[in-house]
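Just below is one structure, and these are the notes that go with it.
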Amino acid sequence: MPTVAELSAPYGNFMLGPRRGPAVCPVCFDLVGDDGRCYSCAHGGPPLDAVAPISYSVAGEQLHHALVSYKRMWGEPARHFELGLAAVLWRHLAAHEACLARAAGVGANAFAVVTTVPSSWRERARTHPLQQLVGELVGPARGRFTPVLERTEVPADAHRFSEAKYAARADLTGRSILLIDDTWTTGANARSAAAALKAAGAGAVAALVIGRHVNRGWHHNDRQLRTLSQPFDWERCAVCGEEKTPG
């Protein structure tokens, strides 16, 4: 049976670790082209306590393909991508959950509860493969995983924040929540999910996403992406990246 390091290693050849800096949104790490928050973070609903993408997911490239394929394919091809993405999450959480907990103001190295962002489409929300991936395949999350969120019957745009889009199934008073999603585009679903968690009494809510979606051909994105180191550095994350920068 392959190890987590062996399953995640191929992803290190094409993942691109987000870093704070000029022309990078300080909230979601979008490549904004100038200083300040991106449009979605400035106008897209209340912020989470912390957001950390593991990698940029560049449209049409390998990570984007994996993130689409694990939930659209069937059988062995889907399983191949599930295992690889689960290994990426496992490896990242083992090394960097404490970084995200500190950024969110959690007084511990780990979050009390791990959950996922349901699909914004009601017919897919209860069968989304991300629940199985996080709840069954990712060792550091498995024991704390609870699918506490459900999609409500309230009509809501998939790309817009809505505090009524999701509802929590449990009282979460004072509990810190690690909210995992596969892709962040506008962040509308993650923010909507966080609003539901806060309404149920949750304490700090932080979002960890596998891929922060970007388009290489948009403005100066290609130039900015080319400045990121390859192969992927598993020892640095979006949150602790500056702390571990030499010099």
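Here, each number is a calculation from the coordinates, and none is a lab measurement. Fair warning: this is a prediction, and the values are worked out from it, not measured in the lab. Backbone-built Cβ (ideal geometry, glycine too); neighbour counts: all protein chains shown.
Which net charge results when you count Lys and Arg as +1 and Asp and Glu as -1 among the other residues whose beta-carbon is under 12 Å from that of residue 58?
That sum, taken over residues with Cβ under 12 Å, equals +1.
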query: What stretch of the chain, leaving out the sites themselves, is the longest with no GluC sites (Glu not before Pro) in a DSSP loop having at most 11 other Cβ atoms within 10 Å?
result: 1-152
message: Just to be sure I understand the model, the point goes 7 Å from the Cα along the line to the Cβ. What's the resulting residue 65 to residue 157 distance in nm?
response: 3.3 nm
- request: Please give, to one decimal in nm, the separation of the simple spin-label points placed at residue 20 and residue 43, each 7 Å out from Cα toward the Cβ.
  value: 2.6 nm
message: I'd like the chymotrypsin sites (Phe, Trp or Tyr not before Pro) in region 95-157 restricted to DSSP loop residues with at most 11 other Cβ atoms within 10 Å, sorted by number.
response: 121
statement: Per-residue ellipticity at 222 nm attributable to helices in the chain (runs of n ≥ 4 DSSP H, -39500 (n - 2.57) apiece, nearest 500 deg cm²/dmol) works out to -9000 deg cm²/dmol
- request: Take the Cα radius of gyration of region 98-178 and divide it by 2.2 N^0.38 Å, with N its residue count; two decimals is plenty.
  value: 1.17
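Near residue 195, within a Cβ-to-Cβ distance under 13 Å, what is the net charge of the other residues, with Lys and Arg +1 and Asp and Glu -1?
Combined, the nearby Lys, Arg, Asp and Glu give +2.
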- line: Placing +1 on each Lys and Arg Cβ and -1 on each Asp and Glu Cβ in the chain, then taking the dipole about the Cα centre, the residue among 168, 92, 81 whose Cα reaches farthest towards the positive end is 168
- request: Calculate the length of the line joining the C-alpha centroid of region 79-147 to that of region 28-62, in whole Å.
  value: 19 Å
task: Using a/c under 1.5 as the rounded threshold, could you call the chain rounded, prolate or oblate? The axes a ≥ b ≥ c are square roots of the C-alpha gyration tensor eigenvalues, and prolate needs a/b larger than b/c, oblate otherwise.
output: rounded
- prompt: If contacts are Cα pairs under 8 angstrom and at least 6 residues apart, what is the relative contact order of the chain in percent?
  reply: 29 percent
message: Can you tell me which of 60, 201, 135 moves the most in a GNM of the chain? Springs connect C-alpha atoms under 10 Å apart.
response: 60
- request: First select every other residue whose beta carbon is under 14 angstrom from the beta carbon of residue 140; then total the charges, Lys and Arg +1, Asp and Glu -1.
  value: +1
- line: Note on the chain, DSSP bridge orientation, antiparallel percent to nearest 5 equals 20 percent
